[in-house]
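First the structure, in the form of structure tokens, and then the observations on it.
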Protein chains: 2
Amino acid sequence: MARETPAVITRRDVDYSAWYLDVITHADMVDDSPVRGCKVLKPHGYAVWEAMRDALDARFKATGHVNAYFPLFIPMSFLSKEAEHVEGFAKECAVVTHHRLRSVTGPDGKAAVEPDPESKLDEPLIVRPTSETIIWHMYGRWIDSWRDLPILINQWANVVRWEMKTRPFLRTTEFLWQEGHTAHATADEAVAETLQMLDVYAEVAEKVLAVPVIKGRKSARERFAGAVDTYTIEAFMQNGWALQAGTSHFLGQNFAKAFDVTFQSAAGVREHVWATSWGVSTRLVGAVVMTHSDDDGLVLPPAIAPIQVVIVPVYKDAEKDHVLTAARALADALRGRFRVRIDDREHLRPGPKYFEWERKGVPLRLELGPRDIAKGQAFAKLRIRSDKFSIALDGAADVVATLLDDMQAELLVRATAMRDARTYEVGSRAELARLLDETPGFFRVPWGGDDADEDALKEETRATLRCYPLDQPSVEGLTCPLTGKPAHAWAIFARAY
Amino acid sequence: MARETPAVITRRDVDYSAWYLDVITHADMVDDSPVRGCKVLKPHGYAVWEAMRDALDARFKATGHVNAYFPLFIPMSFLSKEAEHVEGFAKECAVVTHHRLRSVTGPDGKAAVEPDPESKLDEPLIVRPTSETIIWHMYGRWIDSWRDLPILINQWANVVRWEMKTRPFLRTTEFLWQEGHTAHATADEAVAETLQMLDVYAEVAEKVLAVPVIKGRKSARERFAGAVDTYTIEAFMQNGWALQAGTSHFLGQNFAKAFDVTFQSAAGVREHVWATSWGVSTRLVGAVVMTHSDDDGLVLPPAIAPIQVVIVPVYKDAEKDHVLTAARALADALRGRFRVRIDDREHLRPGPKYFEWERKGVPLRLELGPRDIAKGQAFAKLRIRSDKFSIALDGAADVVATLLDDMQAELLVRATAMRDARTYEVGSRAELARLLDETPGFFRVPWGGDDADEDALKEETRATLRCYPLDQPSVEGLTCPLTGKPAHAWAIFARAY
């Protein structure tokens, strides 16, 4: 079950998928679990998620949202109430059918347990794949008048989708996410909320994760099951594939109608409530890894690095106290402004320590030996540069701040340049197919196709319509190079995770 | 299913259980859900949990712990590996048996779904009631040498125990908690960790929640299933019952043996690893409600109140802009130091606003009208005092800080006094029985009984041995008033949630 981790990280250009798995394993972010499709988020992986969560949560609250918590279990019958929703989720649900185990003797003669037939539930429960149904059931209890609106609730939770093919962070049976669920008196207000949260996601992706994204609207084929419109932020991975990094849905009145949630308007009329939902997940961790990391291992943007600065004291036995004292003084000078760690492990030499922290993506390493101390300096190495340079111990915090800010900015510039260099405007279907084979990327197309054309293209090239970018120049007079039909909107096509 | 909420809060002395449900409902903290035994944590209830979580998480990290995340599902066979553990949890497990639904026509002729028999799992999965088994399975992969120890991991998660009788926050089928799981090279180190985390819990209970607790060790009868020793913090509720508010377990080598987790010691010997686990849950929210609230509704310690100060502007139409401007200036002066809200809802008069915020437990209310503004004052009302008084707008933040600090301190003093006043040293079993009937409380007893005596006493009086307090004066020469036997340790008995 567990894949053997090679001693060195596979190079990206040799095997991109193997590289990704090697990077997250060597960085000690994740491990296989005994449960099919579920991963253990180890401390170094979970800490990256925690940092993202805090950045998102602060922005949710700043835009007027509050957190709440709804049950993990959903009565099975709820799923059928919204026709498209059940279609989208019924095939990948974990189903709870019993509430007790009983003791038996196993085939090996040892004590074992089995589900107690007498504890069978009258109605099975679904482990939530998403919470629209149970939340709209509750909103039906809470909403009566326009005065009860809007409801602006977010939930941090685990969800389960029984995926057949999994990949750590990107697609797992259980994953962690947040799901916002809002209720509004008008369609306009709900659409504005949908787009506001898309902006929040894009801002966190670019400013915090240094991951450039394209904001756009999904085609009907790629829409959330039960949505009127799905908006997305699409990120570019180093192999030229797209990654859907977050979605925000305008749900219209679909769930309000399925759960019969109405309100009395200020004008005294009873109307169905308008809804949105929006979510990002631990998938974002995968997006960060795939965007920034290199053949030496993980690269993390300083804004979300669990350790931003590692100090490695370098000494012979006689100098130990002297050097450790100086290292601690340096750490004290940096703490409060940065997440700092001194690596004072005695059973490892400096070399293996450098190697370990590079693989774990620590943005800045400071080496400190007796000669550095004598000169009032530390030796610095940024994760994304190959040179080492000296910085003065006096006033080090300000220098570190600049170094980390520069690195954060540079990561976004690099990632944007990489994406833009592989964003194509092709002249024909053949050119698209050739580039997808040779150097895949984003294909910006004045699209003229319909649903059937979209299906056919996917079948033929495995590229999907990632989104209609919100930034839409006119397509008037343009012909779609992929279908030969008159273009109706600019679209991005790509292969995607 | 849903209990009707009366228009006024039932008085404590009339019906304590009804009072508790009324308080949390009127404070809008919780609602019934369509899933048996599961509650919805509404924003005002969840925010209290968030504040507790942040206080705990900071202390976990300060004592060297890191967070991680393990799967929700546990293979059924894992549960049987530790004999006492399966005994403790098998009877209240949610069991996942299928991973897909299929469409059927319901009895009413409508579209419905049912578990797809073809998706039946080879081995059922348990929804975690606690995570020792899956975590020790993983530790077996991670631990090989003394250099891998200690492991100091905490997890914030939801867990499920199929409880027959539930009460919001105190006992629900699903609840939120944290579970620390640590691995150590020696028994001494594990015991020290167990007691350290008990201290962390006690400190948060007293300093943050203003809930006084008694630290103690559980009797064998009340121990965690699989532990060598369970330590507890026991809190006193206003009806004289005890509430176990947090537990910290020394697990010995039980789980290491069940999952065969060994390490090579520095001396080169292979030994089983020593373990602890420790947890607190959303039950703490119930503890806070029951400790501090009164017949007017919720009372929250300022340290965890989602809103610490509410400003209610009081005006006639012509004065509106003037008063709102002043209210906003006051809020700006307080924000940053306090969690502040202006209640500028236009469809409510001040009276109903005061009433609502009292019921929701906001520690401090500031009323602001044109005459107050002219005098450079606001009218203040602390949730736990009946008088109103003026405070100067100039320098209001410092005054507010003092008021909230005083209230925080006073809540702990009040709760401690209430508990101490009802902590008895009884002379006989009859006296215990009489007091349990009339004015129940904590019974401090030089206990001489054995397991059978403990069972008999519980059967007879419904009082349980809450703990052997860590603070243990000598019992030499004392006779147990409940059994007539020579005392072996001081114990606390009480009825408990």
Residue count for region A:459-496, restricted to those that are under 18 Å from A:Ala433 (Cα atoms) and touching a residue at least 60 places away in the same chain (Cβ under 8 Å): 9
Residue list for region A:208-225, filter: outside any loop (DSSP other than H, G, I, E, B) and under 13 Å from the mean Cα position of the chain (by Cα): A:Val208, A:Val213
Within region A:50-76, considering residues that are outside any loop (DSSP other than H, G, I, E, B) and within 8 Å of chain B (Cβ to nearest Cβ), the one nearest to the chain's Cα centre (by Cα): A:Glu50
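Hey, any hits in region A:315-325 for a residue that's within 27 Å of B:Ala68 (Cα to Cα) and either touching a Phe, Trp or Tyr at 6+ places or on another chain (Cβ under 9 Å) or in a helix (DSSP H, G or I) (or both)?
Restricting attention to region A:315-325, the residues satisfying the condition of being within 27 Å of B:Ala68 (Cα to Cα) are none.
Checked region A:315-325: no residue is within 27 Å of B:Ala68 (Cα to Cα) and either touching a Phe, Trp or Tyr at 6+ places or on another chain (Cβ under 9 Å) or in a helix (DSSP H, G or I) (or both).
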Yes/no for B:His26 being more than 17 Å from the chain's Cα centre (by Cα) and more than 8 Å from chain A (Cβ to nearest Cβ): yes
Yes/no for B:Ala417 being within 26 Å of B:Val211 (Cβ to Cβ), of a type in the set (Gly, Ala, Ser) and without any contact (Cβ under 8 Å) to a residue 40 or more places away in the chain: yes
Of residues in region B:330-354 being within 26 Å of B:Asp398 (Cα to Cα) and free of Cβ contacts under 8 Å to residues at least 12 places away in the same chain, the one farthest from the chain's Cα centre (by Cα): B:Asp332
So B:Glu425, is it at pLDDT 95 or above, acidic (Asp, Glu) and out of contact with any Pro (no Cβ under 9 Å at 6 or more places or on another chain): no
Qualifying positions in region B:3-49 - part of a loop (DSSP other than H, G, I, E, B) and more than 23 Å from B:Asp295 (Cβ to Cβ): B:Ser33, B:Pro34, B:Val35, B:Arg36, B:Gly37, B:Cys38
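Pick from region B:364-383 the residues that are among the small types (Gly, Ala, Ser) and touching a strand residue (DSSP E or B) at 6+ places or on another chain (Cβ under 8 Å): which of them is nearest to B:Pro302 (Cα to Cα)? I'd like the intermediate steps shown before the answer.
Step one: list which residues in region B:364-383 are among the small types (Gly, Ala, Ser), which gives B:369, B:374, B:376, B:378, B:380.
From what is left, the residues that are touching a strand residue (DSSP E or B) at 6+ places or on another chain (Cβ under 8 Å) are B:369, B:376, B:378, B:380.
On the way: B:Gly369: 25, B:Gly376: 25, B:Ala378: 20, B:Ala380: 15 Å.
Within region B:364-383, the match that is nearest to B:Pro302 (Cα to Cα) is B:Ala380.
Is it fair to say A:Leu368 is more than 35 Å from the chain's Cα centre (by Cα), under 30 Å from A:Ala7 (Cα atoms), modelled with pLDDT of 95 or more and surrounded by 13 or more Cβ atoms within 10 Å (Cβ to Cβ)? Break it down into steps so the answer makes sense when it comes.
On the way: more than 35 Å from the chain's Cα centre (by Cα): yes; under 30 Å from A:Ala7 (Cα atoms): yes; modelled with pLDDT of 95 or more: yes; surrounded by 13 or more Cβ atoms within 10 Å (Cβ to Cβ): yes.
For A:Leu368, the condition - more than 35 Å from the chain's Cα centre (by Cα), under 30 Å from A:Ala7 (Cα atoms), modelled with pLDDT of 95 or more and surrounded by 13 or more Cβ atoms within 10 Å (Cβ to Cβ) - is met.
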Residues satisfying the stated conditions in region A:78-91, i.e. within 7 Å of chain B (Cβ to nearest Cβ) and either among the basic types (Lys, Arg) or closer than 19 Å to B:Val95 by Cα (or both): A:Ala90, A:Lys91
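Which one of B:Ala463, B:Ala397 is surrounded by fewer than 18 Cβ atoms within 10 Å (Cβ to Cβ) and either assigned by TED's automatic domain parsing to the domain that holds B:Val314 or closer than 23 Å to B:Gly240 by Cα (or both)?
Result of the check over B:Ala463, B:Ala397: B:Ala397.
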Residue in region B:109-121 that is loosely packed, with under 14 Cβ neighbours inside 10 Å, in a loop (DSSP other than H, G, I, E, B) and either away from chain A (no Cβ under 11 Å) or at pLDDT 95 or above (or both) present: yes
Subset of region A:29-46 (residues that are closer than 19 Å to B:Gly180 by Cβ, touching a strand residue (DSSP E or B) at 6+ places or on another chain (Cβ under 7 Å) and either more than 7 Å from every other protein chain (Cβ to nearest Cβ) or of a type in the set (Lys, Arg) (or both)): A:Lys42, A:Gly45
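Residues checked against (1) in contact (Cβ under 8 Å) with a residue 24 or more places away in the chain; (2) surrounded by 21 or more Cβ atoms within 10 Å (Cβ to Cβ); (3) outside the structural domain of B:Phe169 (by TED's automatic domain parsing):
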position	(1), (2), (3)
B:Ile9	yes, yes, yes
B:Val23	yes, yes, no
B:Lys61	no, no, no
B:Phe78	yes, yes, no
B:His99	no, yes, yes
Failed criterion for B:Val48 (all others in (1) over 17 Å from A:Leu125 (Cα atoms); (2) modelled with pLDDT under 95; (3) not basic (Lys, Arg) hold): (2)
Residue within region A:122-139 that is surrounded by fewer than 22 Cβ atoms within 10 Å (Cβ to Cβ), without any contact (Cβ under 8 Å) to a residue 12 or more places away in the chain and within 14 Å of chain B (Cβ to nearest Cβ) present: yes
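One line per residue, one yes/no per condition, for (1) over 23 Å from A:Met237 (Cβ atoms); (2) within 13 Å of chain B (Cβ to nearest Cβ); (3) among the polar types (S, T, N, Q):
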| position | (1), (2), (3) |
| --- | --- |
| A:Arg147 | yes, yes, no |
| A:Asn154 | yes, yes, yes |
| A:Pro168 | no, yes, no |
| A:Glu189 | yes, no, no |
| A:Thr194 | yes, no, yes |
| A:Ala202 | no, no, no |
| A:Ala205 | no, no, no |
| A:Lys218 | no, no, no |
Residue in region B:157-203 that is farthest from B:Phe263 (Cα to Cα), counting only those that are assigned to a loop (DSSP other than H, G, I, E, B) and of a type in the set (Lys, Arg): B:Lys165
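Got a sec? Which of A:Asp471, A:Asp455 is closer than 20 Å to A:Thr230 by Cα, assigned to a helix (DSSP H, G or I) and among the acidic types (Asp, Glu)?
A:Asp455
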Residue in region A:285-308 that is acidic (Asp, Glu), part of a loop (DSSP other than H, G, I, E, B) and closer than 26 Å to A:Val8 by Cβ present: yes
Qualifying positions in region A:149-171 - at pLDDT 95 or above and touching a Gly at 6+ places or on another chain (Cβ under 6 Å): A:Leu152, A:Asn154, A:Phe169, A:Leu170
Which listed residue, of B:Ala374, B:Ala378, B:Ala397, B:Ala392, is farther than 30 Å from B:Thr25 by Cβ and in contact with a Lys or Arg (Cβ under 8 Å, 6 or more places away or on another chain): B:Ala397
Test: residue in region A:280-291 that is at pLDDT 95 or above, among the basic types (Lys, Arg) and within 24 Å of A:Met138 (Cβ to Cβ): no
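Determine if region A:192-200 includes at least one residue that is touching a residue at least 12 places away in the same chain (Cβ under 8 Å), among the polar types (S, T, N, Q) and closer than 11 Å to A:Thr247 by Cα.
First, the residues of region A:192-200 that are touching a residue at least 12 places away in the same chain (Cβ under 8 Å): A:193-200.
Filter once more, keeping what is among the polar types (S, T, N, Q): A:194, A:196.
Restricting the remaining residues to those that are closer than 11 Å to A:Thr247 by Cα gives A:194.
Scanning region A:192-200 turns up at least one residue that is touching a residue at least 12 places away in the same chain (Cβ under 8 Å), among the polar types (S, T, N, Q) and closer than 11 Å to A:Thr247 by Cα.
The values are calculated or read from the model by the stated rules, or taken from the named source; none is laboratory data. All values reported here derive from a predicted model rather than from experimental measurement. So basically every Cβ, Gly included, is an ideal-geometry build from the backbone, and we count neighbours across all protein chains shown.
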